[in-house]
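The values are calculated or read from the model by the stated rules, or taken from the named source; none is laboratory data. Remember, it's a predicted structure, so these values are computed and weren't measured experimentally. Cβ placement follows ideal geometry from the backbone for every residue including glycine, while neighbour counts extend to all protein chains displayed.
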Amino acid sequence: MIASRIRKEIDEALYTFVDRQRPLLGDISGDLSPLLTALDALLAGGKRLRPAFCYWGWRGSGGDDRTEFFTVAASLELLQAGALIHDDVMDGSDTRRGQPAAHRRLEALHAESGWRGSAQAFGSGAAILLGDVCLTWCDEMFQGSGLAAEALSRGRPIFDRMRTEIMCGQYLDLLGQARGRRPGGHEAVEAALRIVVFKSAKYTIERPLQLGAALAGADEASVEALSAYGLPLGVAFQLRDDVLGVFGDPAETGKPAGDDLREGKRTVLVALTLERATDEQAQTVESLLGDPALDTAGVELLRSVIVDTGALDACEQMIGRYAADAEAALDAAPVTLPARDALSELALAVTARTV
């Protein structure tokens with residue numbers, strides 16, 4: 001999905017930065033090493049999508065390959081790491097990228113060490129702090145990248161806004177799960193789409209793309225014009241993720257089958273299901289969705305309701321429409337031809353993926 005050369009540069013910048021931070025934590029206390037172990041495991045996975053879109057925003061607006069830029073782009077991986085760690089704590093997820101989630105790793109450390117108090121509370125608290133460290137390092141990596149101060153100043157408003165948006169989107173997601181079903185089927189779909197936009201779409205594609213363009217010196221109008229491609233593609237990306245969260249192969253997604261259903265995620269797919277459901281079907285969804293003990297039979301029952309209501313087909317059609325909107329906008333995007341070709345390939349990759 002991501003060109004090997006670009007990924008290599010991103011990985012080198014990311015790991016170099018984290019390695020520079022190790023002595024700092026070591027000087028504070030050797031007891032901090034499990035935090036770095038958990039972070040290393042998380043950073044070893046991932047598709048590096050956000051840095052890739054940032055890269056093509058940069059190159060498409062006249063930027064050249066340089067170490068300083070790759071450091072900025074790689075800082076987005078630390079932003080994502082912090083967001084994922086916090087998201088897993090809030091959702092009570094057991095796994096991430098096929099491995100134990102950070103809070104589960106740290107919970108196990110407590111249990112295996114025979115320490116006092118609640119292992120679960122320790123794991124959650126320690127993971128929250130690790131996520132905070134990632135967000136702090138993300139900022140440090142961006143600001144200390146070595147890019148010219150003028151370039152960083154152009155990108156800083158987008159960088160800051162992106163981080164605020166993802167936290168607000170995360171809160172809306174948490175709120176949606178707490179509220180449960182809301183009156184008005186279409187209203188619920190719109191609410192779920194708002195979460196998609198702010199929790200995922202903007203910080204996955206739109207803002208990284210704009211950030212790269214702004215850093216390279218693109219004018220404000222050109223930066224704003226990239227939203228016509230980045231935002232609908234970001235929505236399509238997350239809708240695909242929602243489908244995989246219910247119907248994906250655990251061997252490929254790295255999460256147990258139906259994990260989103262156990263976590264009670266009020267996704268667009270779920271909202272579409274409830275919008276189309278009979279009273280009996282809606283009752284089934286509401287009684288099973290969010291049950292942490294949901295077994296294979298329960299997952300299959302929910303899947304059948306999603307399919308029978310036509311919600312899966314409707315979601316697939318939405319993915320197609322958003323992807324088509326992005327592709328159409330790309331034809332007029334203010335980027336170079338090589339960037340346009342690369343972004344077209346990325347659009348296909350993120351919407352047709354299986355993981």
Discussion item. So in the range 308-332, with the set limited to residues that are modelled with pLDDT of 95 or more and part of a loop (DSSP other than H, G, I, E, B), which one is nearest to Ala201 (Cα to Cα)?
Written reply: Gly310
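Within the range 34-54, restricting attention to residues that are of a type in the set (D, E, K, R) and buried (at least 19 other Cβ atoms within 10 Å of the Cβ), which residue is farthest from Gly234 (Cα to Cα)? Give the derivation first.
Quick first cut of the range 34-54, residues of a type in the set (D, E, K, R) only: 40, 47-48, 50.
Still in the list and also buried (at least 19 other Cβ atoms within 10 Å of the Cβ): 48, 50.
Details: Arg48: 14, Arg50: 11 Å.
So the residue we want is Arg48.
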Item to complete: Return only the number of the condition from (1) over 21 Å from Met90 (Cβ atoms); (2) part of a helix (DSSP H, G or I); (3) touching a residue at least 24 places away in the same chain (Cβ under 8 Å); (4) not basic (Lys, Arg) that Glu165 does not satisfy.
Response: (1)
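For the range 171-227, enumerate the residues that are outside any helix (DSSP H, G or I) and either without any contact (Cβ under 8 Å) to a residue 12 or more places away in the chain or among the polar types (S, T, N, Q) (or both). Before the answer, list the steps.
Filtering the range 171-227 for residues outside any helix (DSSP H, G or I) gives 180-184, 217-219, 226.
If the condition is that a residue be outside any helix (DSSP H, G or I) and either without any contact (Cβ under 8 Å) to a residue 12 or more places away in the chain or among the polar types (S, T, N, Q) (or both), then Arg182, Pro183, Gly184, Asp219 are the ones that fit.
Can you tell me which of Asp19, Asp31 is under 20 Å from Ile128 (Cβ atoms) and either within 17 Å of the chain's Cα centre (by Cα) or surrounded by fewer than 17 Cβ atoms within 10 Å (Cβ to Cβ) (or both)? Spell out how you get there, then give the answer.
On the way: Asp19 fails: under 20 Å from Ile128 (Cβ atoms).
Result: Asp31 is the single residue among Asp19, Asp31 that is under 20 Å from Ile128 (Cβ atoms) and either within 17 Å of the chain's Cα centre (by Cα) or surrounded by fewer than 17 Cβ atoms within 10 Å (Cβ to Cβ) (or both).
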Discussion item. Tell me whether the range 151-159 contains one or more residues that are touching a residue at least 24 places away in the same chain (Cβ under 8 Å), under 30 Å from Val189 (Cβ atoms) and not acidic (Asp, Glu).
Written reply: yes
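Report the residue count in the range 173-192 for those that are closer than 20 Å to Gln80 by Cα and surrounded by fewer than 18 Cβ atoms within 10 Å (Cβ to Cβ).
In the first step, residues of the range 173-192 are kept if they are closer than 20 Å to Gln80 by Cα; the result is 173-174.
Keeping just the survivors that are surrounded by fewer than 18 Cβ atoms within 10 Å (Cβ to Cβ) gives 174.
Count: 1.
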Worksheet item: Checking Ala257 against (1) surrounded by fewer than 22 Cβ atoms within 10 Å (Cβ to Cβ); (2) part of a helix (DSSP H, G or I); (3) modelled with pLDDT under 95; (4) not acidic (Asp, Glu), which single condition isn't satisfied?
Response: (2)
Worksheet item: Does Val246 satisfy being among the β-branched types (Val, Ile, Thr), in a helix (DSSP H, G or I) and within 18 Å of the chain's Cα centre (by Cα)?
Response: yes
Worksheet entry | Subset tally (residues that are farther than 27 Å from Ser200 by Cα and either in contact with an Asp or Glu (Cβ under 8 Å, 6 or more places away or on another chain) or not charged (D, E, K, R) (or both)) for the range 262-281 | 2
Worksheet item: Which one is surrounded by the fewest Cβ atoms within 10 Å (Cβ to Cβ), of the residues in the range 79-134 that are part of a loop (DSSP other than H, G, I, E, B) and in contact (Cβ under 8 Å) with a residue 12 or more places away in the chain?
Response: Gly98
Worksheet entry | Single residue of Val270, Val305 found to be in a helix (DSSP H, G or I) and either free of Cβ contacts under 8 Å to residues at least 60 places away in the same chain or surrounded by fewer than 17 Cβ atoms within 10 Å (Cβ to Cβ) (or both) | Val305
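For the range 134-142, check the following and say yes or no: at least one residue is closer than 21 Å to Lys255 by Cβ, modelled with pLDDT of 95 or more and not hydrophobic (A, V, I, L, M, F, W, C). Spell out how you get there, then give the answer.
Start the filter on the range 134-142 by keeping residues that are closer than 21 Å to Lys255 by Cβ, which leaves 134.
From the residues that got through so far, the ones that are modelled with pLDDT of 95 or more too are 134.
Pick out the ones that are also not hydrophobic (A, V, I, L, M, F, W, C) and you get none.
No: zero hits.
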Worksheet item: For the subset of the range 292-302 comprising residues that are not in a loop (DSSP other than H, G, I, E, B) and not small (Gly, Ala, Ser), which member is modelled with the lowest pLDDT?
Response: Thr296
